[in-house]
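**Q** First the structure, which I've put down as C-alpha cells, then a few questions once you've had a look.
The values are calculated or read from the model by the stated rules, or taken from the named source; none is laboratory data. This is a predicted model, so every value here is computed, not measured. Quick reminder, even Gly has a Cβ in these numbers, built from the backbone with ideal geometry, and neighbours come from all protein chains shown. The protein model used for the area step is the full one, side chains on, heavy atoms only, and it has no ligands, DNA or RNA in it. Shrake-Rupley method; radii C 1.70, N 1.55, O 1.52, S 1.80 Å.
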Amino acid sequence: MKDQTSYRMELTGVFGFPVDENPTVVMIEAAFRALDLPWRYLNLRVPPADLPAAVKGLRAMGFRGINLTIPHKRDVIPYLDEVADNARIMGAVNTVCIEQGRLIGANTDGKGFLRALNDDAQVNPDGRKFMILGAGGAARAITVELALAGAASIVIVNRDEGRGRELVDLLVEHTGARAAYQPWNDDLAIPEDTNVLVNATSIGLYPQDEEMPRLNYATIKPGLVVCDVIPNPPRTRFLEAAAARGAVTLDGLGMLVYQGAIAFKLWTGREAPVAVMKQALAAEFAAQ
Ligand code: NDP
C-alpha cells in the first residue's frame with residue numbers, strides 16, 4: 001500500500017527590505033534537496049512597519065524558522081520569547097526557531113565566521129590577537145564571538161570613530177575582552193604581533209569589487225591570517241593583495257555558508273551538507 005501522501009511543506013525563509021537579491025535561498029534549498037527534506041525557504045519582502053504583523057504570521061502559518069536581514073535584525077528582538085546570550089550582547093538576531101509557538105532568537109553570523117576560521121583556516125581564536133576593519137553589524141557579530149571564544153586582544157579600526165568606540169565599549173563591558181580602537185588612516189600598519197586581520201567592512205562587495213581597504217600592505221607578513229567577510233566575489237582584491245604578501249587567506253563564502261549551516265541545524269536538527277551549500281552559492285555568484 002502507498003504511504004500516506006502529504007503535499008504540505010515545512011516553511012522557513014528570510015524577512016528583509018530589500019530582500020530580492022538575498023542569495024541564502026539558493027544554498028538552503030540546495031541543502032533541503034540534498035537531504036530530501038520537504039522544506040522550503042522563501043524571500044519575504046517585509047516593510048519595517050509590517051514587522052510585528054509578519055512575526056505574528058509566522059506563528060499563524062506554522063513556520064519552522066526565519067532569518068532576519070536588513071533592517072530587521074535589531075527590531076525583531078521585542079517580539080521574541082527568548083534570545084540567546086550572544087545575540088543579546090550583539091543586539092541583533094539573524095535566525096529565529098519556532099518551537100511549539102515559541103519564538104527563539106539566535107545569531108549565527110559570528111559563529112559562521114568562527115567555524116570558517118577553525119575548519120578552513122585551522123585557527124583557534126583562543127589566545128590570538130585580532131585586528132578588525134569595520135564596526136558595523138558583521139564586525140559586531142564577529143568580535144563578540146571572538147571575545148567569547150577567548151581572543152587575547154581585539155583592535156577595532158573604523159572610519160567613523162564614534163561607531164568604532166561604541167563597539168569597543170560593548171566588547172569590554174559585556175565580554176571582558178581586551179579591546180581598543182584605532183583610527184583609520186591611509187597608511188594603516190598591521191602590528192607585527194597580530195595573528196589575524198579581518199576586513200569586516202563592505203569594501204570590495206560586488207559590483208564595487210575593484211575597491212580594497214586602504215592600508216600599508218607592506219606590513220602584511222608571511223603567515224598572517226587574512227580574512228574577508230565579502231562573499232561576492234569570494235576572491236577579493238584585498239585577499240589577492242594579502243596572498244601576494246604570503247598571508248594565509250580566508251574568504252567570506254565560508255562564513256556565509258556556515259552561518260546558514262548553523263541555522264539549518266537549528267531548524268531541522270540535521271547536520272547541513274556544507275559542501276553542497278558552498279557549491280550552490282559559488283555557482284550562483286559565478287553566473288553573475
Ligand atoms: P554595516 O552597514 O553595518 O557596516 C558597514 C561597515 O563598513 C562600517 O564599519 C563602515 O564604516 C564600513 N565601510 C563601508 N564603506 C567604507 C569605506 N569606503 N571606507 C571605510 N569603511 C567603510 O554593514 P554590515 O556590517 O552588515 O556588512 C558589512 C559587509 O559584510 C557587507 O558587505 C556584507 O555583505 C558582509 N557580510 C558578510 C557575511 C557573510 O556571511 N560572509 C555576513 C554579514 C555581512 P563606517 O562605520 O565608518 O561607516
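**Q** Keeping the other protein chains in place, figure out the carbon and sulfur percent of the accessible area of the chain, with a 1.4 Å probe.
**A** 50 percent
**Q** Can you tell me the convex hull volume per residue for the chain, based on C-alpha atoms, in Å³ to the nearest whole number?
**A** Taking only Cα atoms, the chain has a hull volume of 138 Å³ per residue.
**Q** Return the equivalent ellipsoid semi-axes of region 204-288 as a descending list in whole Å, where each equals the square root of 5 times an eigenvalue of the C-alpha gyration tensor.
**A** Details: eigenvalues 155, 47, 19 Å².
After diagonalising the Cα gyration tensor, the semi-axes are 28, 15, 10 Å.
**Q** How are the Cα pair distances of region 79-132 distributed, in percent, across 5 Å bins from 0?
**A** Per 5 Å bin, starting at zero, the Cα-Cα P(r) for region 79-132 comes out as 4, 18, 21, 18, 16, 11, 8, 4, 1 percent.
**Q** A further question on this structure: Output the Cα-based Rg and Dmax of region 57-197 in Å, rounding Rg to one decimal and Dmax to a whole number.
**A** Using the Cα atoms of region 57-197, the pair Rg, Dmax is 16.5, 55 Å.
**Q** Additional query: Please work out the average accessible area per residue across region 110-250, using the 1.4 Å probe convention, and give it in Å².
**A** 44 Å²
**Q** Right, here's the next one. Starting from the alpha-carbon convex hull of region 1-112, give the projected area averaged over all orientations, in nm².
**A** Dividing the Cα hull surface by four gives the mean projection, 8.1 nm².
**Q** Any of 111/221; 73/265; 129/221; 111/278 with alpha carbons more than 24 Å apart? Name them for me.
**A** The answer is 111/221.
**Q** Related question: Suppose accessible area is computed on protein heavy atoms with a 1.4 Å probe; arrange 6, 153 from highest to lowest.
**A** Details: 6 85, 153 20 Å².
Ranked from most to least accessible, the order is 6, 153.
**Q** Measure nothing but the geometry: give the 0 to 90° angle between the long axis through the Cα atoms of 137-148 and the longest principal axis through the Cα atoms of the chain, rounded to 10°.
**A** Roughly 80 degrees, rounded to the nearest 10.
**Q** Roughly how tilted is helix 161-175, in degrees to the nearest 10 and between 0 and 90, from the longest Cα axis of the chain?
**A** 70 degrees
**Q** Could you please put 29, 166 in sequence from largest to smallest accessible area, using a 1.4 Å probe?
**A** Output order, biggest surface exposure first: 166, 29.
**Q** Right, next: Can you tell me the 0 to 90 degree angle between the C-alpha axis of helix 252-268 and the longest principal axis of the chain, rounded to 10?
**A** 30 degrees
**Q** What order do you get for 243-251, 186-194 when each peptide is scored by the mean count of other beta carbon atoms within 10 Å, highest first?
**A** Answer by packing, highest mean first, reads 243-251, 186-194.
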